[in-house]
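K.L.:
Before we start, here is the structure in question, set down as structure tokens.
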Amino acid sequence: MSVQTSSSRPLSESRVRSAPGPGEDPYPTRLREPLDLPWLNRREPVVKGEASQGPLSTDQLARFERQGFLFEPDFLSGEELQALRGELDALLERDDFRGQPFAITEPRGNEIRSLFAVHFLSRLFSRLANDDRLVGRASQILGGEPYVHQARINYKPGFEGQGFNWHSDFETWHAEDGMPGMHAVSASIVLTDNHTFNGPLMLVPGSHRVFIPCLGETPDDHHRQSLKQQEFGVPGRDALRRLIDRHGIEAPTGAAGGLLLFDCNTLHGSNANMSPDPRSNAFFVYNRRDNRCGEPFAADRQRPRFLAHAPDESWSPHA
């Protein structure tokens with residue numbers, strides 16, 4: 001699904017603020033006062049690898065470079081897909097997960113919205129997170145060895161599943177996890193059919209080429225609220241309007257089993273699920289090892305480990 005707009009002027013023709021000086025954070029955000037211009041230029045390349053280095057073709061890499069995302073229908077199918085769907089149902093029915101910090105419920109209900117660190121909760125999802133088909137794509141895009149920075153399953157129940165504000169994941173990972181640069185890619189595997197009415201993910205193509213600083217200092221333990229409904233780290237409407245006017249909105253939809261790869265800085269969000277059909281997906285974030293997180297750039301301390309893993313670390317829900 002695509003929303004067409006009247007202008008296709010490239011971002012490079014838009015006015016941007018000069019780069020921060022030496023020693024300054026190149027991506028300042030969670031500010032008290034707005035900057036004089038709506039966004040900053042991205043510094044890192046989008047695709048760092050070559051077609052010869054992985055499963056994605058030259059054309060697929062070019063599309064990812066241009067749009068900031070790539071949708072591959074029928075990535076999984078048959079018994080493999082059915083096993084993952086069964087595992088999803090089993091995890092969502094675990095009563096011992098309810099009330100745990102890593103299990104996020106709907107803002108106005110008790111249904112589980114997200115289960116984080118799912119690759120530590122399930123052997124099946126652990127194998128998927130480390131599958132060469134996903135790791136190979138991530139390594140090819142990132143141009144280096146990746147590790148799982150974050151993993152979760154998302155579930156948007158029929159009629160009840162709420163939407164999520166426009167945001168860049170990198171803005172949050174930079175501000176609250178201490179991710180230095182844009183060397184991360186998300187892989188979302190659709191586990192139930194995605195259609196227009198059950199709240200599919202919407203993306204702004206081309207938005208990955210600029211960084212929008214956001215207003216408002218990060219509250220303590222911000223993740224407790226933001227994982228239900230994000231208010232800080234949300235781009236201003238003027239910047240959003242300009243980007244959407246130029247590039248439109250796209251919502252990849254299709255049958256279960258599709259794979260959506262998107263850049264860490266691509267703006268995305270979703271509407272509420274207005275249909276009786278649930279929408280679910282498995283979500284893995286791959287960060288390049290030399291881009292591991294340090295001290296947060298706009299928060300007092302890092303978020304809990306179930307939200308932001310370090311390379312080669314283990315995690316237990318009972319820790």
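K.L.:
Restricting to Cα atoms and excluding each atom paired with itself, what does the Kirkwood estimate give for the stretch 30-145 in Å?
P.N.:
17.7 Å is the Kirkwood radius here.
K.L.:
How much length would be gained if the chain were fully extended between Asp245 and Glu65, taking 0.36 nm per residue of separation minus their Cα-Cα distance, in nm to one decimal?
P.N.:
62.8 nm
K.L.:
First measure r as the distance between the Cβ atoms of Ala51 and His318, then evaluate 1/(1 + (r/R0)^6) with R0 = 41 Å and state the FRET efficiency to the nearest 0.05.
P.N.:
0.40
K.L.:
For Cys264, what is the net charge nearby, where nearby means another residue's Cβ is under 12 Å from its Cβ and Lys, Arg count +1, Asp, Glu -1?
P.N.:
Spelling it out: positives minus negatives among the neighbours equals -3.
K.L.:
Calculated FRET efficiency, Glu217 and Gln302, Cβ-Cβ r, R0 25 Å, to nearest 0.05?
P.N.:
Calculated value: 0.95.
K.L.:
How many angstrom separate the Cα center of the stretch 143-164 from the Cα center of the stretch 242-315?
P.N.:
6
K.L.:
Under the rule of -39500 (n - 2.57) per DSSP H run of 4 or more residues, summed and divided by the residues of the chain, what mean residue ellipticity at 222 nm is obtained, to the nearest 500 deg cm²/dmol?
P.N.:
-5500 deg cm²/dmol
K.L.:
Moving to a separate point now. Can you give the convex hull volume per residue for the Cα atoms of the stretch 76-198, as a whole number of Å³?
P.N.:
Roughly 139 Å³ of hull volume per residue.
K.L.:
Please compute, for the alpha-carbon atoms of the stretch 78-120, the extent along each of the three principal axes and give them in descending order in Å.
P.N.:
35, 22, 15
K.L.:
Once the Cα gyration tensor of the stretch 254-295 is found, what semi-axes does its equivalent ellipsoid get, as square roots of 5 times the eigenvalues, in whole Å, sorted largest first?
P.N.:
28, 13, 10
K.L.:
Evaluate E = 1/(1 + (r/R0)^6) for Asn130 and Asp36, where r is the Cβ-Cβ distance and R0 equals 35 Å; express this FRET efficiency to the nearest 0.05.
P.N.:
0.20
K.L.:
Restricting attention to the alpha-carbon atoms of the stretch 35-77, what are Rg (one decimal) and Dmax (integer), both in Å?
P.N.:
Gyration radius and largest Cα-Cα distance of the stretch 35-77: 14.4, 49 Å.
K.L.:
Could you tell me the relative contact order of the stretch 51-291? Use alpha-carbon pairs under 8 Å, at least six residues apart, and round to a whole percent.
P.N.:
The normalised contact order for the stretch 51-291 reaches 35 percent.
K.L.:
For the chain, compute Rg over Rh where Rg is the Cα radius of gyration and Rh is the Kirkwood radius from the inverse mean 1/r over Cα pairs.
P.N.:
That ratio is 0.93, to two decimals.
K.L.:
By how many nm would the segment from Asp74 to Asp95 grow when fully extended, if each residue of separation counts as 0.36 nm and the alpha-carbon distance is taken off?
P.N.:
Taking Asp74 through Asp95 to full extension adds about 4.3 nm, to one decimal.
Bear in mind that the values in this text are calculations on the coordinates, not laboratory data. Bear in mind the structure is a predicted one, so any value in this text is a computation, not a measurement. Ideal geometry is used to build each Cβ from the backbone, glycine not excepted, and the neighbour counts take in all protein chains shown.
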